[in-house]
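Quick notes on the structure that follows.
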Number of protein chains: 2
Amino acid sequence: MKITQPTLIIDREKCLSNIKKMVNKSRKYKVKLRPHFKTHQSAVIGNWFKNHSIASITVSSVSMAKYFADNGWNNITIAFPLNIREIEEINKLAVKINLNVIFESTETVNFLKTHLLHRTGGYIKIDTGSHRTGIIAENIKQVDKVLNQVKNCPKITFKGFITHAGHSYQAKTKEEIALIHRDSLKKLNRLKDRYINVWKNIELSIGDTPCCSLMEDFSGIDEIRPGNFIFYDIMQYHIGACSLDEIAVALACPVVAKHKERNEIIIYGGAVHLSKEYIYNKDNIKIFGYVVEINKGKWNTPIEGAYISSISQEHGIMKIPDKYFEKIRLGDIIGILPVHSCLTNNLMKSRVLIM
Amino acid sequence: MKITQPTLIIDREKCLSNIKKMVNKSRKYKVKLRPHFKTHQSAVIGNWFKNHSIASITVSSVSMAKYFADNGWNNITIAFPLNIREIEEINKLAVKINLNVIFESTETVNFLKTHLLHRTGGYIKIDTGSHRTGIIAENIKQVDKVLNQVKNCPKITFKGFITHAGHSYQAKTKEEIALIHRDSLKKLNRLKDRYINVWKNIELSIGDTPCCSLMEDFSGIDEIRPGNFIFYDIMQYHIGACSLDEIAVALACPVVAKHKERNEIIIYGGAVHLSKEYIYNKDNIKIFGYVVEINKGKWNTPIEGAYISSISQEHGIMKIPDKYFEKIRLGDIIGILPVHSCLTNNLMKSRVLIM
């Protein structure tokens, strides 16, 4: 296939290797892997997990749950605070598949009590420090309250406590991630210990790719839900969660203009393809992606000193050292390793090339 | 229609008023309005311009040109450096409609000489200071070179010089915008004066919404190509290019969780809906959107002190003062005025509600 427009190239071999590594890890530490499919949002890629007997998945919206249910997945956790406005769709799913939802307030559980029509698994969302959402782990009073409501809601099967230690994304070293992870584990296990006598089958489910990739201690944890690891990206590389070699997606972009006086090359590839996610590199420069040479759909390590310095709707500006500048010609295809592969894939999912 | 998921509400009345204002301005200053359709990317919304006898439009990609050509528009400028990889599609369009392309290098013109099959308008892209792309306005040698190549390319009808003073987006006051605008005008008119004896029909085309919205001097300019003005957004408001009342789009988002201890409300609405574009407000706080109450598809001025402070793939975190916090309940719909409406609309274009 001739690439004429920005196209997301997915390296199948790297994805399969990333999947295998995470599957092996989950087996080694005896935790169930329930991969998050929000990263790829693709039935084709989802099937790659089936070779490893993965039957349960995570998604981040009711629409995604519907999509994957329609594509044969029948055990799905929607890892997003239950949106009561979508109760109709949730009921339609719950009758068809093993569905799990998450909640953190008595209001939501009360709503479910009167509106949930079919048996559904329910997790309480716990905030172990990311402060995005969830009940603060120490707030036992609130956990008690919600659990008391759950008791009165026969359609909910209480599954346990779920968290996403998203603050690991801000970590700069493996040690910082380890601190966050140990803290999460401690807080979650405290909850498990407290309620296990009443709720015999309580599970603990954790989610973030940095912790799942780097940590070796999963004491008390029953389930991990990483998603990004299938593709990884520059952000994960900077956190230390992956090597550059493990990044499995690159946006292929045509070169449309060159500016010798600034060592800048303009590519067809902008915010509507990559997303505006950025990161500061080690020299504290804002970057929107690293640059790789693409050869027959494969790429090597990034070109040293080259990066995407700015993007607008359709344009990307690439900074590139002298010695590479002249080699690149108008109409060439340049590969960009994205900063956040979930967002890039979300924008590009209708134009991917699996190699 | 019941809103269950993030939905982009487009206020038709505000859009029509924004269109009318820009049309009137273009007539007053005797410049042709060739609106940029990359903002809305919609055939339905595009038709709103037809009542004002607008027949020529701008787009930012060959795909968009194809889409609007298929929807009855037959005079289209693709305001993006010509991507030689899309020559086949360009040739298909050029036979069907009056197509204009832009270029800035002899390499591109040489390529067109051998590959362009049908008469096509061509602009030289000039950089008046934004330094995204284009020939630096003072680089007469390069303009000469490209024009000499154009002479040898009988399929290209040279139309003139086109620029996008994108550096106006960084301006903080009307005075700064005026400086940028005057400088652009001076540079472009110098080029027009230099070449008008040889190329009798040379036109000057400028593009950015801040200058087109705020400036009153269009001396020598033949055409303006603003796009964002149909919707405007928080970025334009901060630049001073529009009032809050003129912002014509709001993302309607369900409330899914509340955190009293932090005065934060979690909405279903994240980076895959709004985009990760942000701005620093007057208190130097990073914001991803302002918050409005939505009532029957309409909204008033933003809630003072409320803003989106953080977004991840599907979650948005809204900061909200005490007195509004209690009023908002789970399942309510909250409106978000986006920072950059072009990017939000690009993400949401398949789920809009025109009110």
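Data table
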quantity: All lysines inside 16 Å of A:K151 as judged from Cα atoms, apart from same-chain residues fewer than 8 positions distant; calculated: A:K113, A:K141, A:K159, A:K200
quantity: Average Cα contact separation per residue, region B:41-86, under 8 Å, 6 or more apart, as relative contact order %; calculated: 39
quantity: Long pairs among B:K14/B:K186; A:K145/B:K282; A:K25/A:K187; A:K25/A:K155; A:K276/B:K296; B:K21/B:K172, criterion Cα-Cα beyond 30 Å; calculated: B:K14/B:K186; A:K145/B:K282; A:K25/A:K155; A:K276/B:K296
quantity: Exceeding the 23 Å Cα-Cα cut-off - candidates A:K66/B:K2; A:K174/B:K260; A:K258/A:K327; calculated: A:K174/B:K260
quantity: Student exercise, region B:225-309 dipole from Lys, Arg, Asp, Glu Cβ charges, in Debye to nearest 20; calculated: 180
quantity: Per residue, the convex hull volume that the Cα atoms of region B:119-257 enclose (Å³); calculated: 145
quantity: Those trypsin sites (Lys or Arg not before Pro) in region A:111-192 that DSSP places in a loop and that have at most 16 other beta carbons within 10 Å; calculated: A:R119, A:K155, A:K172
quantity: In Å², nearest 10: area of B:I140 left accessible to a 1.4 Å probe; calculated: 50
quantity: Chain A, relative contact order [Cα under 8 Å, separation at least 6], %; calculated: 20
quantity: Region B:140-180 and region B:1-68: distance between their alpha carbon centers, rounded to Å; calculated: 24
quantity: Interface size B-A, as summed buried accessible area [1.4 Å probe, Å², nearest 100]; calculated: 4500
quantity: Amide H partners (placed H, <5 Å) of A:T58, local residues excluded; calculated: A:H36, A:F37, A:T77
quantity: Axis-proximal residue, chain A, for the rotation superposing A on B (Cβ, Å); calculated: A:K276, 2
quantity: Relative contact order [Cα under 8 Å, 6+ residues apart], region B:276-353, whole percent; calculated: 30
quantity: Distance between modelled label sites at A:R27 and A:K145, nm, 7 Å Cα→Cβ extension; calculated: 4.5
quantity: Charge dipole magnitude, Cβ of K and R +1, D and E -1 - the protein assembly as shown, Cα centre, debye nearest 20; calculated: 1200
quantity: Hull volume in cubic angstrom per residue (convex hull over the Cα atoms of chain A); calculated: 132
quantity: For B:H36, net neighbour charge (Lys/Arg +1, Asp/Glu -1) across residues whose Cβ lies under 10 Å away; calculated: +2
quantity: Spin-label pair B:L244/A:E89, simplified geometry with 7 Å Cα→Cβ offset, distance in nm; calculated: 3.1
quantity: Centroid-to-centroid separation of region A:93-107 and region A:204-233 [C-alpha atoms, Å]; calculated: 22
quantity: Cleavage-rule hits, trypsin sites (Lys or Arg not before Pro), region B:249-294, DSSP coil, Cβ neighbours within 10 Å at most 15; calculated: B:K282
quantity: Table column - 3J(HN,Hα) (Hz), region A:29-40, Karplus curve with 6.51, -1.76, 1.60, x for Gly and Pro; calculated: 9, 6, 10, 7, 9, 10, x, 8, 8, 5, 5, 9
quantity: Candidates A:E261, A:E223, A:E176, ranked by Gaussian network fluctuation over chain A, Cα under 10 Å, top entry; calculated: A:E261
quantity: Charge dipole magnitude, Cβ of K and R +1, D and E -1 - region A:172-218, Cα centre, debye nearest 20; calculated: 240
quantity: Whether region B:69-169 is rounded, prolate or oblate, judged on the alpha carbon gyration tensor where a/c under 1.5 counts as rounded; calculated: oblate
quantity: Net charge of Cβ neighbours under 12 Å - reference B:I3; Lys, Arg +1; Asp, Glu -1; calculated: +2
quantity: 5 angstrom amide H check on B:A257, placed H, neighbours 5+ away; calculated: B:I266
quantity: Under 15 Å from B:K38, Cα to Cα: aspartates and glutamates that are on another chain or at least 8 residues apart; calculated: A:E314, B:D208, B:D233
quantity: Dipole of the protein assembly as shown [Lys/Arg +1, Asp/Glu -1 at C-beta], most positive-end residue of A:Y195, B:Y169, B:I279; calculated: A:Y195
quantity: Rounded percent of accessible protein surface that carbon and sulfur make up, chain B, 1.4 Å probe; calculated: 49
quantity: Sequence-distant aspartates and glutamates (8 or more away, or on other chains) whose Cα lies within less than 18 Å of A:K323; calculated: A:E261, A:E264, A:E293, A:E304, A:D332
quantity: Mean residue ellipticity (222 nm) of chain A, computed from DSSP H runs ≥ 4 via -39,500 (n - 2.57), nearest 500; calculated: -9000 deg cm²/dmol
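The values are calculated or read from the model by the stated rules, or taken from the named source; none is laboratory data. Keep in mind it's a predicted model, so treat the numbers as computed, not measured. Using ideal geometry, Cβ is built from the backbone for each residue, glycine included, and neighbour counts are taken over all protein chains shown. Protein only, heavy atoms only, side chains kept; ligands, DNA and RNA dropped before computing areas. Shrake-Rupley method; radii C 1.70, N 1.55, O 1.52, S 1.80 Å.
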